[in-house]
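The numbers here are math on the coordinates, done by the rules we state, and not lab data. On a predicted model such as this, the values are computed, not experimentally measured, just so you know. All Cβ positions, glycine included, derive from the backbone under ideal geometry; neighbour counts span all protein chains shown.
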Amino acid sequence: MGDYSKALEFYEKAHKIYEKAVPPNQFDLAISFNNIGLVYYNMGDYARALEFYEKAHQIYEKAVPPNQLDLTISFNNIGLVYYNMGDYARALEFYEKANKINQQTLPANHPHIAADYNNIGLVYNMIGEYSKALEFSVKDLEIMRKTLPSNHPDIAMSY
């Protein structure tokens, strides 16, 4: 576990195969970019993670409908990188884009919407807008309480 250099090696080999086998805007190529970005993220190399997440996102925007959940995952990945880089304005921008799509496509009490609220609340907390942070944290907690068993660990994380 945690052998990121080995994971990166294999993801890069797989990516080279995808590049030869599929068209440039193929969905599978985006997944490959995303996987490489995830490894860099887990290694703490946020600049490289962002580079690959953005490449994946460019393909997602061309390959899937504008309200597709894959886009929200991409927005959240990019937002998370910006959050960890301390660029809270950009993180908020991408978290809000994800939330907008999720609100249009998912039921109001879906866990993805709760996760969006949590992410947005964390950004507001980091920039010192505590009333907004509380507002989004409460929304997150309300959804979690409605959709998960009372002893579920995700509820504890919402507090």
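With the calculation restricted to Cα positions, what are the radius of gyration and Dmax of the range 27-127 in angstrom?
Final numbers for Rg and Dmax: 13.0, 37 Å.
Just the projected area, averaged over all directions, of the convex hull on the alpha carbon atoms of the range 88-159: how many nm²?
Its average projected convex-hull area is 4.4 nm².
Would you work out which of TYR41, PHE136, ALA14 lies farthest towards the positive end of the dipole of the chain? Charges go on Cβ: Lys and Arg +1, Asp and Glu -1.
The residue sitting farthest along the positive end of the dipole is ALA14.
Using the alpha-carbon centroid of each, what span in Å lies between the range 57-90 and the range 94-145?
Centre-to-centre distance over Cα atoms comes out at 15 Å.
Give me the dipole magnitude in Debye, nearest 20, for the range 1-63 about the Cα centre, with unit charges on the beta carbon: positive for Lys and Arg, negative for Asp and Glu.
Roughly 140 debye, rounded to the nearest 20.
How large is the translational diffusion coefficient of the range 106-146 in µm² per second when you combine the Kirkwood radius over alpha carbon pairs with Stokes-Einstein at 25 °C and 0.890 mPa s?
Reported coefficient: 249 µm²/s.
Please sort 80-86, 102-108 by packing, taking for each peptide the average over its residues of neighbouring beta carbons within 10 angstrom, highest first.
In descending order of packing, they fall as 80-86, 102-108.
Assign unit charges at the C-beta atoms only (+1 for Lys and Arg, -1 for Asp and Glu), then state the dipole size of the chain relative to its Cα centre in Debye, rounded to the nearest 20.
Details: 14 positive and 19 negative charges, 43 e Å.
Dipole magnitude for the chain comes out near 200 debye.
Pick from SER74, SER131, SER32: which residue has the top mean-square fluctuation in a GNM of the chain where Cα pairs under 10 Å get a spring?
Residue with maximal mean-square fluctuation among SER74, SER131, SER32: SER131.
Give the Rg/Rh ratio for the range 1-63, taking Rg as the radius of gyration of the Cα atoms and Rh as the Kirkwood radius, to two decimals.
Working: Rg = 11.4 Å, Rh = 11.6 Å.
Value, to two decimals: 0.98.
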